[in-house]
1. Could you say whether any residue in segment 11-18 is within 30 Å of ALA160 (Cα to Cα), in contact with a helix residue (DSSP H, G or I) (Cβ under 9 Å, 6 or more places away or on another chain) and at pLDDT below 90?
2. Determine the pairs where a residue that is more than 17 Å from GLU170 (Cα to Cα), located within segment 185-203, has a partner that is assigned to a helix (DSSP H, G or I) and of a type in the set (A, V, I, L, M) with Cβ atoms under 8 Å apart, the partner being 6 or more residues away or on another chain.
3. Looking only at segment 81-104, how many residues end up being under 14 Å from ALA33 (Cα atoms), free of Cβ contacts under 8 Å to residues at least 40 places away in the same chain and of a type in the set (Lys, Arg)?
4. Consider ALA150 carefully, then state whether it is at pLDDT below 85, of a type in the set (A, V, I, L, M, F, W, C) and closer than 22 Å to GLN202 by Cα.
5. Answer yes if at least one residue in segment 41-53 is of a type outside the set (Asp, Glu), surrounded by fewer than 20 Cβ atoms within 10 Å (Cβ to Cβ) and not in a helix (DSSP H, G or I), and no otherwise.
Amino acid sequence: MMDAALDLAPWHEITSVDAREAERLPPPGTADALLVERAQSGDLTAFEELVRRYRNDVFSLSYHYVRSREEAWDISQEVFFKAYRALGQFRGDSGFKTWLLRITANHCKDQFKKRRLDTIRFDETLHEDDMPAASSGPDESAEAKELGAAISTALESLSAKHRTAFILREFEGMSYEEMAQVMGCSLGTVMSRLHHARRKLQQSLVRMGVVEDMKNG
C-alpha cells in the first residue's frame, strides 16, 4: 500500500455522501472482517468505510486523553494512518474495533509521556449530557465547573496505564473484558489498575479540598 494514496484530511468533517460516492462504498452492514480483508488487498473504499464506522470511537478516546478537540482530531487522523500502514499485521485475533482502539490508547499514552498536558477550561471537556441544567443557579454551576476542573487536573497526575484504565471504564463504558483486550493485559491487571486509578484520583481530590476524606468523615 502507498500511504500517499490515502487521503483522510476531511474525514472528520464528513456528514453525508452523495449518490456517486455512495455507489462505490461497500454495502451497509458489510462485516468488519470482510472490509479489512478488502482493505488489505488495496481497496481504499473498504478502509474509508472502517474510518466512517469508528472515527467517533477513536476521537472520543483521544479526546478524553488530551481534553482538546483540535488535538484529538490530529491524533485521530494519525491513528488511522498508523492503522492503515499496519493493516498487514492485523490477523483477526481480536475485533477490528478493539485492535484500532488499542492503537489509539498506545498512541495517546505515547503523547501523554512526551509532554505535560495543558489544562483547559472545563466547559470544553463536558458532554452535552453533563452540562448543568438551564435552571441551575450560579452556585451550582460554579461547583460543577470547580469539580470538573479538579477531576481534569487529577487525571493528568495519573500514570499512563492508570489513566487509560480509568478513561476506558468511566468515560468509554467498556467492560473489563473489552478493557483487557484494548490494554493487552489480563482481567486481574485491568481491575488492579482501575482500583489504583480510582484510589489515586480520590486522594488527589481530597488534597485539593474538593471532596472530603471518607476515612475522616
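1. Yes, some residue in segment 11-18 is within 30 Å of ALA160 (Cα to Cα), in contact with a helix residue (DSSP H, G or I) (Cβ under 9 Å, 6 or more places away or on another chain) and at pLDDT below 90.
2. Listed pairs, sorted by first residue: SER186/ALA180.
3. 1
4. So ALA150 fits the description; yes.
5. Yes, that holds for at least one residue.
The values are calculated or read from the model by the stated rules, or taken from the named source; none is laboratory data. Computed from a predicted model, the values in this text were never measured in an experiment. Positions of Cβ are generated from backbone atoms using ideal geometry, with glycine treated the same way; all protein chains shown enter the neighbour counts.
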